[in-house]
1. Please go through (1) away from the ligand (no atom under 15 Å from the Cβ); (2) more than 30 Å from N31 (Cα to Cα); (3) surrounded by 15 or more Cβ atoms within 10 Å (Cβ to Cβ); (4) under 19 Å from the mean Cα position of the chain (by Cα) for A242 and return the number of the only condition it doesn't satisfy.
2. Tell me which residues, restricted to the stretch 146-168, are in contact with a helix residue (DSSP H, G or I) (Cβ under 8 Å, 6 or more places away or on another chain) and within 15 Å of the ligand (Cβ to nearest atom).
3. Taking interchain pairs and intrachain pairs at least six residues apart, which have beta carbon atoms under 8 angstrom, with the first residue in the stretch 189-208 and within 27 Å of I38 (Cα to Cα) and among the polar types (S, T, N, Q) and the second near the ligand (Cβ under 8 Å from one of its atoms) and not in a loop (DSSP other than H, G, I, E, B)?
4. Looking at the stretch 62-82, which of its residues are of a type outside the set (A, V, I, L, M, F, W, C), in contact with a strand residue (DSSP E or B) (Cβ under 6 Å, 6 or more places away or on another chain) and over 20 Å from A165 (Cβ atoms)?
5. Among the candidates I88, I108, I98, I59, which residue alone is in contact with a strand residue (DSSP E or B) (Cβ under 6 Å, 6 or more places away or on another chain), under 25 Å from S30 (Cβ atoms) and of a type in the set (A, V, I, L, M)?
6. Before we move on, is K127 surrounded by fewer than 21 Cβ atoms within 10 Å (Cβ to Cβ), more than 12 Å from the ligand (Cβ to nearest atom) and over 23 Å from G167 (Cα atoms)?
7. Scan the stretch 169-201 for residues that are near the ligand (Cβ under 9 Å from one of its atoms), among the small types (G, A, S) and either surrounded by fewer than 22 Cβ atoms within 10 Å (Cβ to Cβ) or at pLDDT below 95 (or both) and jot them down.
Amino acid sequence: MVRDTITILGVPIDNITISEAKKMSEELISNSNKSCKIVVAPNVEFIMKAQKDKEFSDILKQASLATPDSIGVIIGAKLQKKEFKQRIPGQSYFRAIIELSNEKGYSIYLLGGEKGTPEQVCNNLKKIYPNVNIVGTHNGYFDENEEKHIIEEINVLKPNVLFVALGAPKQEKWIKNHQNELKVDIAAGQGGTFDYETGKIKRAPVWIQKIGMEWFYRLCKQPQRIKRQIVLPIYLLKVLFAKDKTKGKFN
Ligand code: UDP
């Protein structure tokens, strides 16, 4: 599969539409043979964390699919005189795969969120997608002993898709650390998607999403995220003034 990517500060991101992301995922599922291909959704926080964290940077570079999650990524490309075809918010990718499961029967395991959250996500989705094939769920707060059982359960179920929502970079590192053990076709980090799906966190109205201000809406709803979003101006300056804008600290 030849990939068309745009690299921002060392992080390659696929230049694809949501339907192309769906198609690529189908191909990964067909060819993976339970080899746990990694799907990531880089945003500005990811790119900035990757500048300081080689382990995270390597995971992002080695991912089989990297969807452009945030408006900051779209702007970062524009500063390099490049253009992403589309922004793909994490929840949109999640729903695209859920639709695939509903249509084709792909099996899905949901790992992450607070106790009861992935189960609630599963119940809500079953009302909208009656044929969705969610085969297992577990919350994202577990100790080493429970982790062993979770991995054993996943490996008995052998789902096509494992969604992991532990927040970044924890979820990406968790997937990478267990990549060789996990018998799944693809594993995708999902951040706060399960909380959006249960309605615990509300997504911005569509018009706010359309004008690229969802990050601001989320900041108003969760002011504690200011520490995380403060990196945005630093990121823009870094992209603007980087001699080779595609190169990050670890290139
Ligand atoms: N979470 C978890 N286990 C942990 C830490 C976090 O399951 O040890 C969950 C948390 O309940 C939330 C999600 O991970 O549902 C993280 O959401 P956040 O909004 O931080 O993710 P982002 O979209 O910003 O990456």
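1. It is condition (4) that A242 fails.
2. If the condition is that a residue be in contact with a helix residue (DSSP H, G or I) (Cβ under 8 Å, 6 or more places away or on another chain) and within 15 Å of the ligand (Cβ to nearest atom), then L162, F163, V164, A165, L166, A168 are the ones that fit.
3. Listed pairs, sorted by first residue: Q190/G90; Q190/G112; Q190/A165; Q190/Q171; T193/G90; T193/A165; T198/T117.
4. G76, K82, listed by residue number.
5. After ruling out the rest, the residue left standing is I108.
6. When the stated conditions are applied, K127 passes them.
7. Result: G191, G192.
One line per residue, one yes/no per condition, for (1) farther than 27 Å from R218 by Cβ; (2) under 15 Å from the mean Cα position of the chain (by Cα):
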| residue | (1), (2) |
| --- | --- |
| L9 | no, no |
| I13 | no, yes |
| E20 | no, no |
| I29 | yes, no |
| I47 | no, yes |
| L60 | no, yes |
| I98 | no, yes |
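The values are calculated or read from the model by the stated rules, or taken from the named source; none is laboratory data. These figures come from a predicted structure and were not determined experimentally. All Cβ positions, even for glycine, are placed from backbone atoms using ideal geometry, and neighbour counts span all protein chains on display.
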